[in-house]
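**Q** My questions will all concern the structure given below.
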Amino acid sequence: MINIHATLVDFGGKGILITGKSGSGKSDLALRMIMENKAKLVADDRVNLEVIDNKVVGSAPIELYKKLEIRNVGIALIDEIKEQSNICLCVELCKNRDELERMPCFESIDILGISIPKINLYAFDCSTICKIIQKISGKFI
């Protein structure tokens, strides 16, 4: 098992691992997905990762269970949670949308020897959640 700096939400039984530098919007994006799209929080700030049945599974460290940082507000207890989720997509956030390619090539990330599809996004675009849902489900909401 490894522990990484990231946020993990579950959307329709699929884990979305949100990575990026501090301040890139990981927790904010997770909060919007929970509030607007019925995602469930798995872990915020730190994520435990392990391989179970050839899948990367993420969970929260016990001290962070049900907790989500809301910048400029504090730590919130979230009821919409899932204890663990199979990671199906990695979303790497950038701090500046100019860092993104207009027509990116397919990317993946290796986590514990397993390849996971990856997309690079800017957390604060209005369309970010739609892009994630399209990537994970193959359709727009």
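The values are calculated or read from the model by the stated rules, or taken from the named source; none is laboratory data. As the structure is a prediction and not an experimental result, all values here were calculated from the model. In this analysis, Cβ positions are derived from the backbone assuming ideal geometry, glycine residues included, and neighbour counts consider all displayed protein chains. Side chains are part of the model used for accessible areas, which takes the heavy atoms of the whole protein and leaves out ligands, DNA and RNA. Shrake-Rupley method; radii C 1.70, N 1.55, O 1.52, S 1.80 Å.
**Q** With a 1.4 Å probe and all protein chains kept in place, how do Asp10, Asp79, Asp45 rank by accessible area, largest first? Intermediate results must be reported in sequence, preceding the final value.
**A** Working: Asp10 10, Asp79 125, Asp45 65 Å².
I get Asp79, Asp45, Asp10, largest accessible area first.
**Q** What aspartates and glutamates could a cross-link reach from Lys66, if we take a straight Cα to Cα line under 16 Å and drop same-chain neighbours fewer than 8 places away?
**A** Asp10, Asp28, Asp44, Asp45, Asp79, Glu80, Glu83
**Q** Now a separate question. Just to be sure I understand, if you calculate semi-axes √(5λ) of the Cα gyration tensor in Å for this structure, which of [x] 23, 17, 13; [y] 34, 17, 15; [z] 20, 19, 14 do you get?
**A** Read-out taken from this structure: [z].
**Q** If you don't mind, another one. Under a 1.4 angstrom probe, counting protein chains only, how are Glu101, Glu69, Glu107 ranked by accessible area, largest first?
**A** Largest accessible area first, the residues go Glu101, Glu69, Glu107.
**Q** Here is a follow-up. Would you please give the FRET efficiency between Glu36 and Glu101, computed as 1/(1 + (r/R0)^6) with r the Cβ-Cβ distance and R0 = 25 Å, to the nearest 0.05?
**A** Efficiency for this residue pair is about 0.40.
**Q** Compute, for Lys55, the solvent-accessible surface of its heavy atoms (probe 1.4 Å) with the complete set of protein chains present, and express it in square angstrom to the nearest 10.
**A** Only protein atoms counted, so the area is about 100 Å².
**Q** Another question, if that's okay. So who's got an amide H within less than 5 Å of the one on Ala123, skipping anything under 5 residues away but keeping other chains? H placed 1.01 Å off N, in plane.
**A** Those qualifying (amide H under 5 Å, at least 5 residues apart or on another chain) are Cys94.
**Q** Give the span of the stretch 1-67's Cα atoms along each principal axis, as three whole-Å numbers ordered largest to smallest.
**A** Cα spread of the stretch 1-67 along its principal axes, largest to smallest: 31, 26, 20 Å.
**Q** Once you have the Cα-Cα distance between Ser115 and Lys135, take 0.36 nm times their residue separation minus that, and quote the gain in nm to one decimal.
**A** Separation in residues times 0.36 nm, less the Cα-Cα distance, equals 5.6 nm.
**Q** For the chain, set up a Gaussian network in which alpha carbons nearer than 10 Å are linked by springs, and say which option among Arg102, Arg46, Arg71 fluctuates the most.
**A** Arg102
**Q** Could you state the accessible area per residue of the chain in Å², with a 1.4 Å probe and every protein chain left in place?
**A** 57 Å²
**Q** In addition: In sequence order, what are the phi-derived ³J(HN,Hα) couplings for the stretch 23-37 according to the Karplus relation 6.51 cos²θ - 1.76 cosθ + 1.60 with θ = phi - 60°, rounded to whole Hz, with x for glycine and proline?
**A** Once rounded to whole Hz, the list reads x, 7, x, 4, 5, 4, 5, 4, 4, 5, 5, 5, 6, 9, 10.
**Q** What range in the chain is the longest one free of chymotrypsin sites (Phe, Trp or Tyr not before Pro) that are in a loop by DSSP and have at most 14 other Cβ atoms within 10 angstrom? Before the final figure, lay out the partial values.
**A** On the way: sites that count: Phe106, Phe124, Phe140.
Answer - 1-105.
**Q** Carbon and sulfur: what percent of the chain's accessible surface (1.4 Å probe)?
**A** 50 percent
**Q** Between the stretch 115-141 and the stretch 1-67, what is the C-alpha centre distance in whole Å?
**A** One Cα centre to the other: 15 Å.
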